[in-house]
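Heads up: the structure comes next, in structure tokens.
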Amino acid sequence: MRKALRWLLSLVLLVGTLGAAGAATAADGNAGPAAPDIKDQILAIPGMSLIEEKPYPGYRYFVLNYTQPVDHERPSKGTFKQRLTLLHKDTSRPTVFFTSGYGVSTNPSRSEPTRIIDGNQVSLEYRFFTPSRPEPADWSKLDYEQAAADQHRIFGELKKIYPKKWLATGGSKGGMTATYYERFHPRDMDGVVAYVAPNDVVNNEDSAYDRFFEQVGTEECRAKLNAVQREALVRREPLEKMYETWAKAEGANFTTVGTLDKAYEAVVLDFVWAFWQYSLEADCESIPPATASDEEIYNIIDAISGFSFYTDQGLAGYTPYYYQAGTELGAPTVKLPHLGNLSRYGYQPPRNFVPRDIPMKFRPWEMPSVDNWVRHHANRMMFVYGENDPWGAERFRPGRDTKDTYVFTAPGANHGANVAGLVPDEQAKATARILAWADVAPAAVQQDAAKAKPLAGFDAKLDKRDLERMPTLRQ
């Protein structure tokens, strides 16, 4: 009898426990088994491997490698590991596919569209930027179509895990990259936000830059910058001695560009362009007069252009960029009449900034094909430019046949122009379209675009904007 009572009591307790568990499961809305950990899902992708995971409040952040074909048209010809990062929020949120067009930062960061839609972010290192470079490197496989195929392949795998809407974005060369990706794989993304993306359609026709430098800012500021640039060439001998002293102390070499003299002039010729690329008109107050000392002239050129850039050490990290500039992207040039005959070399071509053992041949038909596609077929694309950014002198200009596509210009902005810098009505319109493309626009925004705001609050650390230097080269 006691055994029977104990058995009956145990049965009641068991049923009660199961009932409570069932009620809890129903309340949680999770009747099935728990989903696999996101890291396990990502690492289950063939070819994906973990470099490290870093903690960040509200996110999971992974630094990863993904095995890519060196040549997507001939996958059997070898592979390389391409680095990427994943800022994971939730698989139920939309995802932004970001690239700078250069290397990838391994610290958590968030692009503007990611903050606007409060989503996940995949950031990809561009092929051939170290360490994402095949060994040995067949440089003929570094082109914008192969890079677009890299993105397409990774998207195909990650879309299975992140099934909601996807947007592509990037700034400068990253904006170009997002555009090229859309051109070759227009069915992948649900929208594209390309920031300050240059569009050098005809490589040898660059009069747009001449017009830009004749009109940008105030006449006083332009004259001040031109005077310092000219003075740096007038005083070439004493300033080059300062440069040589610095180079010896730093162990800097000039094998790629050829000589210290060529490097010096390249830095000086960058000066005016670099000022407008990264500074604001108000910064003209910090420019010294042409009568300043040698040291003052040297220091301001160094601060804005950077004497370290055209050393072998400075150029090494940008070899893939210069290679593409000299084979398909093109490079702008401007006329500088205020320099008279002081320039010995003129604007040096990309070939001068790439080691000579890497062969290069320019393909003039590549950029016109992209420009033609954007003009006639762009759909759900947004281009944001800065009013005072030299790179915006030649920009993408979608035509009448395009759909849901926009070009915005931030007043007074430089190469860091963004949606937040637009005039209020355009800022709201751009934000509303980004939210709509990601399918996360609140009902109030759907009724009135003027109410559009980023869904995620500003995070000073996560949303810190580090501008990737777009080399101010000319050809």
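The values are calculated or read from the model by the stated rules, or taken from the named source; none is laboratory data. Just so you know, these numbers come straight off a predicted model, no measurement behind them. Note that each Cβ is placed from the backbone with ideal geometry, even for glycine, and that neighbours are counted across all protein chains shown. Calculation scope for accessible area: heavy atoms of the full protein, side chains included, ligands and nucleic acids excluded. Shrake-Rupley method; radii C 1.70, N 1.55, O 1.52, S 1.80 Å.
Could you pull out the residue among 292, 274 that is part of a loop (DSSP other than H, G, I, E, B) and out of contact with any Leu (no Cβ under 9 Å at 6 or more places or on another chain)?
Result: 292 is the single residue among 292, 274 that is part of a loop (DSSP other than H, G, I, E, B) and out of contact with any Leu (no Cβ under 9 Å at 6 or more places or on another chain).
Taking segment 341-354 only, how many residues are within 18 Å of residue 200 (Cα to Cα) and either open to solvent by 60 Å² or more (accessible area, probe 1.4 Å) or part of a helix (DSSP H, G or I) (or both)?
2
Are any residues in segment 394-408 assigned to a strand (DSSP E or B) and either of a type in the set (Gly, Ala, Ser) or open to solvent by less than 50 Å² (accessible area, probe 1.4 Å) (or both), and if so, which ones?
395, 406, 408
State whether the residues of segment 134-146 include one that is of a type in the set (Lys, Arg), out of contact with any Asp or Glu (no Cβ under 6 Å at 6 or more places or on another chain), in contact (Cβ under 8 Å) with a residue 40 or more places away in the chain and in a helix (DSSP H, G or I).
Scanning segment 134-146, I find no residue that is of a type in the set (Lys, Arg), out of contact with any Asp or Glu (no Cβ under 6 Å at 6 or more places or on another chain), in contact (Cβ under 8 Å) with a residue 40 or more places away in the chain and in a helix (DSSP H, G or I), so the answer is no.
Can you confirm whether residue 234 is of a type outside the set (Asp, Glu) and crowded, with 21+ Cβ neighbours inside 10 Å?
no
Could you please find all residues in segment 327-337 being open to solvent by 50 Å² or more (accessible area, probe 1.4 Å) and of a type outside the set (Lys, Arg)?
337, the sole residue that qualifies.
As an exercise: evaluate residue 443 against (1) over 23 Å from residue 163 (Cβ atoms); (2) without any contact (Cβ under 8 Å) to a residue 12 or more places away in the chain and give the number of the one condition it does not meet.
(1)
Each row is one residue, and each column tells you yes or no for (1) of a type outside the set (A, V, I, L, M, F, W, C); (2) assigned to a strand (DSSP E or B).
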residue	(1), (2)
356	yes, no
361	yes, no
364	yes, no
367	no, no
371	yes, no
374	no, no
384	no, yes
392	yes, no
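Please state which one of 71, 118 is within 16 Å of residue 167 (Cβ to Cβ) and surrounded by fewer than 20 Cβ atoms within 10 Å (Cβ to Cβ).
118
I need a count of the residues in segment 241-263 that are closer than 18 Å to residue 352 by Cβ and either touching a Cys at 6+ places or on another chain (Cβ under 9 Å) or not hydrophobic (A, V, I, L, M, F, W, C) (or both).
Summing the residues that are closer than 18 Å to residue 352 by Cβ and either touching a Cys at 6+ places or on another chain (Cβ under 9 Å) or not hydrophobic (A, V, I, L, M, F, W, C) (or both) in segment 241-263 gives 8.
Every residue, every condition in (1) over 26 Å from residue 141 (Cα atoms); (2) among the aromatic types (Phe, Trp, Tyr); (3) touching a strand residue (DSSP E or B) at 6+ places or on another chain (Cβ under 7 Å); (4) modelled with pLDDT under 95, yes or no:
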residue: 328; (1), (2), (3), (4): no, no, no, no
residue: 363; (1), (2), (3), (4): no, no, no, no
residue: 381; (1), (2), (3), (4): yes, no, yes, no
residue: 388; (1), (2), (3), (4): yes, no, no, no
residue: 406; (1), (2), (3), (4): yes, yes, yes, no
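Here's a check for you: in segment 312-326, which residue that is within 24 Å of residue 229 (Cβ to Cβ) and over 18 Å from the mean Cα position of the chain (by Cα) is surrounded by the most Cβ atoms within 10 Å (Cβ to Cβ)?
315
What are the pairs, 6+ residues apart or on separate chains, where a residue within segment 272-285 that is under 19 Å from residue 214 (Cβ atoms) and polar (S, T, N, Q) has its Cβ under 6 Å from a residue that is open to solvent by less than 10 Å² (accessible area, probe 1.4 Å) and in a helix (DSSP H, G or I)?
Taking only residues 6 or more apart or on different chains, the pairs are 277/390.
I'm told residue 100 meets every condition in (1) of a type outside the set (D, E, K, R); (2) crowded, with 23+ Cβ neighbours inside 10 Å; (3) touching a Pro at 6+ places or on another chain (Cβ under 8 Å); (4) part of a loop (DSSP other than H, G, I, E, B) except one. Can you identify the failing condition by its number?
Of (1) of a type outside the set (D, E, K, R); (2) crowded, with 23+ Cβ neighbours inside 10 Å; (3) touching a Pro at 6+ places or on another chain (Cβ under 8 Å); (4) part of a loop (DSSP other than H, G, I, E, B), only one is false for residue 100: (3).
Quick test for you: out of 372, 388, 379, 414, pick the one residue that is in contact (Cβ under 8 Å) with a residue 40 or more places away in the chain and surrounded by fewer than 17 Cβ atoms within 10 Å (Cβ to Cβ).
Just one listed residue meets the conditions, 379.
Yes/no matrix, rows are residues, columns are (1) closer than 29 Å to residue 167 by Cβ; (2) among the hydroxyl-bearing types (Ser, Thr, Tyr):
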{"position": "303", "(1), (2)": "no, no"}
{"position": "310", "(1), (2)": "no, yes"}
{"position": "314", "(1), (2)": "no, no"}
{"position": "319", "(1), (2)": "no, yes"}
{"position": "328", "(1), (2)": "yes, no"}
{"position": "336", "(1), (2)": "no, no"}
{"position": "359", "(1), (2)": "no, no"}
{"position": "369", "(1), (2)": "yes, yes"}
{"position": "406", "(1), (2)": "yes, yes"}
